[in-house]
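Only one structure is covered here, and it is reproduced in the block below.
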């Protein structure tokens, strides 16, 4: 049963034995698809807390929600081998967690890296994908946007207090997120950091940014268009931050051409990646899932 925060903690073992974690909101309901939430590169299940509370507790169709912590993030164990912090391994971890939970099909929400993992799942186990929401991610990533993320991770300042953390996040991302209010920044900070030795530290393996250091971001990145085309029969919605540096409008337009039924949403005053609990987004996603499920 969920605790008084609205969720229960679920721990399971990855294929290589690493102890991994997910948050589970709500009860299993065979009549409706659950929603699986996959976070960004350095983020964790806490990013989806407010959205999950809405989807399982307030939406017209109440759905069970599972938000995963990848290995090396949140409550999941750190991997002794940095090379295992890759999309393929993480996709297998998600499938392992779903199997442990008895879930063989679900609607998926993928933010940034989570969307890349969905592309992998579309190749390795497409039957698990019943509906897809891509949050500011597609089959083509702009190298400049990834360079911005890498630079921030490399230069991320040390902070001791929530106020310092909020100031650091606003300094790094405020230009791309003029629509955010103080409460939004505070929720962001509560999801990113954890307290250790009386100071706040990012809640991921500090070696994780090493996976980006050798990438040549002066050149276009490899694309996933062949994998995206394999998703053409799956109901899809793409959310793009108006100021996104990672997902360009031209990419969304090409996604729409290849997937004519795709619903596209632009979020004003936000960049990479939009806060999914803000504005009309929770209701729009809930309606999308209901519509997709009614057509199955």
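Here are some notes:
- Of residues in the stretch 255-282 being assigned to a helix (DSSP H, G or I) and more than 18 Å from the chain's Cα centre (by Cα), the one surrounded by the fewest Cβ atoms within 10 Å (Cβ to Cβ): 257
- Residue match in the stretch 234-254 (condition: farther than 23 Å from residue 173 by Cβ and part of a loop (DSSP other than H, G, I, E, B)): yes
- When the stretch 177-189 is limited to residues that are farther than 19 Å from residue 145 by Cβ and either in contact (Cβ under 8 Å) with a residue 40 or more places away in the chain or more than 18 Å from the chain's Cα centre (by Cα) (or both), the one that is surrounded by the most Cβ atoms within 10 Å (Cβ to Cβ) turns out to be 187.
- Among the residues making up the stretch 211-225, those that are without any contact (Cβ under 8 Å) to a residue 12 or more places away in the chain and over 18 Å from residue 112 (Cβ atoms) are 214, 216.
- Residue in the stretch 239-251 that is surrounded by fewer than 22 Cβ atoms within 10 Å (Cβ to Cβ) and closer than 16 Å to residue 109 by Cα present: no
- Which numbered condition residue 191 misses (of (1) within 30 Å of residue 83 (Cβ to Cβ); (2) in a loop (DSSP other than H, G, I, E, B); (3) at pLDDT 95 or above): (2)
To keep it simple, each residue is scored yes or no on (1) at pLDDT 95 or above; (2) within 19 Å of the chain's Cα centre (by Cα).
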position	(1), (2)
2	no, no
39	yes, yes
46	yes, yes
52	yes, yes
67	yes, yes
76	yes, yes
79	yes, no
91	yes, yes
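- Within the stretch 154-176, considering residues that are modelled with pLDDT under 90 and part of a helix (DSSP H, G or I), the one surrounded by the most Cβ atoms within 10 Å (Cβ to Cβ): 154
- Meets criteria (surrounded by fewer than 19 Cβ atoms within 10 Å (Cβ to Cβ), more than 15 Å from the chain's Cα centre (by Cα), without any contact (Cβ under 8 Å) to a residue 40 or more places away in the chain and over 23 Å from residue 229 (Cα atoms)) for residue 104: no
- Candidates 54, 25, 70, filtered to the one that is within 20 Å of residue 283 (Cβ to Cβ) and crowded, with 23+ Cβ neighbours inside 10 Å: 25
The values are calculated or read from the model by the stated rules, or taken from the named source; none is laboratory data. Computed from a predicted model, the values in this text were never measured in an experiment. Note that we place each Cβ from the backbone using ideal geometry, even for glycine, and neighbour counts take in every protein chain shown.
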